[in-house]
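Notes follow once the structure below has been shown.
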Amino acid sequence: MYKKIIVFEGIDGSGKTFHLNEVSKYLIRKKVKFIKFREPGGTINSEIIRNIILSDKSTFKKKTDLLLYLAARNENYETLIKPNINKKVILIDRFVDSTMAYQHYGFRINKKIINTLNKFVLGNLKPNFIFFHFVPINYIKQNISGEKNKYDKFNKKFYINAQNGFIKILKKNKNKLIIDSSKTKKYNIEIIKNKIDKILNIHD
C-alpha cells in the first residue's frame, strides 16, 4: 500500500470537502490507514487560527491573513504531516495551491513571497496527487454550504479569478485529476474512487 499525500482543491462550493469525506469512508471500508484535515484548520491551534481568519467580523488585512494561513499550516506540518509521512495516507482539504489561487490570483499578493513562505514551512514537501474540482462559471457561488464566513461576501469575479489561478497553477502538474462539479455527485464519486484505487494500489 502506497502512503501518499492527496489534496482536494477548488473554490468554495466546488464539492471538494464532500468528496474528501467520501474518500475517507471508502478508505475505512478498505481498511487503509489515513488521516484527514482541512486548511485552514486541522490541529487545535490551527482551528483557532481558522476561526480568527474566517470570522465574518474579521477586519484583518490581506497580508495578515496570509501570515495566519501559513502559521496554521506550520502547526499542521509539525503535528500532523511530519509524524505520518510514509505511515498513513494523508488527505488534505485545501493546501498550497489554494493559498496561491486565493492570495495571489484573488488578492494580488506577490507570488514570490507566498512561495518563500511555503518553502519556509514545508521545505520541498509536495502533494503526490491533487483532485481539482472545477466549477463552471454559471454555477459559481451557487452551492456554498456550511457556516457563512467573510469569504462569502466576496463577489463572483473574485472566485472566477481564484479558479483561473488554480487552472494556471495546475496546468503543468501531471499528478492531478480535474473533476467537473456540474456532474452528479454519484458520477464524480466513481471517478474519484477509481483514481484512488490506482494511486494507492488498492485491489478488490
| request: Give LYS4/LYS36; LYS16/LYS195; LYS150/LYS183; LYS126/LYS174; LYS25/LYS193 a once-over and call out the pairs whose C-alpha atoms are over 19 Å from each other. | output: LYS150/LYS183
| task | Tell me the trypsin sites (Lys or Arg not before Pro) within the range 21-63 that lie in a loop according to DSSP and have at most 12 other beta-carbon atoms within 10 Å. | result | LYS31, LYS33, LYS57, LYS61
| said: I need the P(r) histogram for the range 35-90: all alpha carbon pairs, bin width 10 Å from 0 out to the longest distance, whole percents. | reply: 26, 48, 21, 6, 0
| query | Can you give me the Cα centroid spacing of the range 70-96 and the range 21-63 in angstrom? | reply | 10
| note | Log entry: pair-distance distribution for the range 68-128, C-alpha pairs binned every 10 Å from zero, whole % per bin is 20, 56, 21, 3
| Relative contact order (percent) for the range 5-200, with alpha-carbon contacts under 8 angstrom and 6 or more residues of separation? | 34
| field | Computed P(r) (all Cα pairs; the range 84-204; 10 Å bins; percent) | value | 10, 37, 36, 16, 1
| Cleavage-rule hits, trypsin sites (Lys or Arg not before Pro), the range 111-199, DSSP coil, Cβ neighbours within 10 Å at most 15 | LYS148, LYS171, LYS172, LYS174, LYS183
| Rounded to a whole number of µm²/s, how large is the Stokes-Einstein D of the range 5-200 at 10 °C and 1.306 mPa s, given Rh as the Kirkwood radius over C-alpha pairs? | 93
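Here, each number is a calculation from the coordinates, and none is a lab measurement. Not measured: the values here are computed from a predicted model. Neighbour counts run over all protein chains shown; Cβ positions are idealised from the backbone, glycine included.
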